[in-house]
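K.L.:
If you scroll down you'll find the structure; I have some questions about it.
The values are calculated or read from the model by the stated rules, or taken from the named source; none is laboratory data. Every value quoted in this text rests on a predicted model; they were computed, and no experiment measured them. The area values use the complete protein model at the heavy-atom level, side chains included, leaving out ligands, DNA and RNA. Shrake-Rupley method; radii C 1.70, N 1.55, O 1.52, S 1.80 Å.
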Amino acid sequence: MANNRLRFSCALAALLLLHTTGLAVAPAQQNKNKLSPTPDPNSPNQIYLPVDLEDAFRELKRMLSPELLAEMKERGEGGMMEYHLGVGMWLRNHWRLWADSKLAEYFHRLGVHHPQDMSVIILATFCCHLHG
């Protein structure tokens with residue numbers, strides 16, 4: 001029993017290592033998922049931080065690859081949850097939704113206080129935005 005737990009733990013650790021290093025993703029997939037945020041030397045993390053939802057849409061269109069934008073549009077709003085742990089986590093961490101960014105303040109004024117809720121709203125409404 002203990003031996004099976006050790007094997008499972010080792011296998012899980014290997015999968016996590018492959019995932020976090022990007023080795024488990026094909027090069028074409030890595031390029032599609034590469035984010036290219038707009039630089040901003042005045043920002044705490046040196047990238048542009050949107051101030052509201054429309055501004056977030058503009059920045060997403062600039063920073064996501066054409067392939068990823070097309071994929072998001074094709075998946076539709078229901079398929080956007082697939083991006084919650086990838087793009088969504090990036091948004092939460094880099095757009096400072098956990099901190100004091102203007103975008104977080106914008107959501108607070110709307111009554112949305114949890115960063116995960118913010119990123120879900122951004123992604124779901126971005127899909128609607130892509131569909132006009």
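K.L.:
What accessible surface, in Å², does a 1.4 Å probe find on Asp100, ignoring ligands, DNA and RNA and rounding to the nearest 10?
P.N.:
The accessible area comes out at roughly 100 Å².
K.L.:
Please report the projected area of segment 52-132's Cα convex hull averaged over all directions, in nm². If you can, show how the numbers build up before the last one.
P.N.:
Details: hull surface 19.2 nm².
Averaged projected hull area, Cα only: 4.8 nm².
K.L.:
Relative to the compact-globule scaling 2.2 N^0.38 Å, provide the ratio for the alpha-carbon radius of gyration of segment 43-89. Don't skip to the end; give the middle numbers.
P.N.:
Working: Rg = 11.8 Å, N = 47, 2.2 N^0.38 = 9.5 Å.
Dividing the Cα Rg of segment 43-89 by 2.2 N^0.38 Å gives 1.24.
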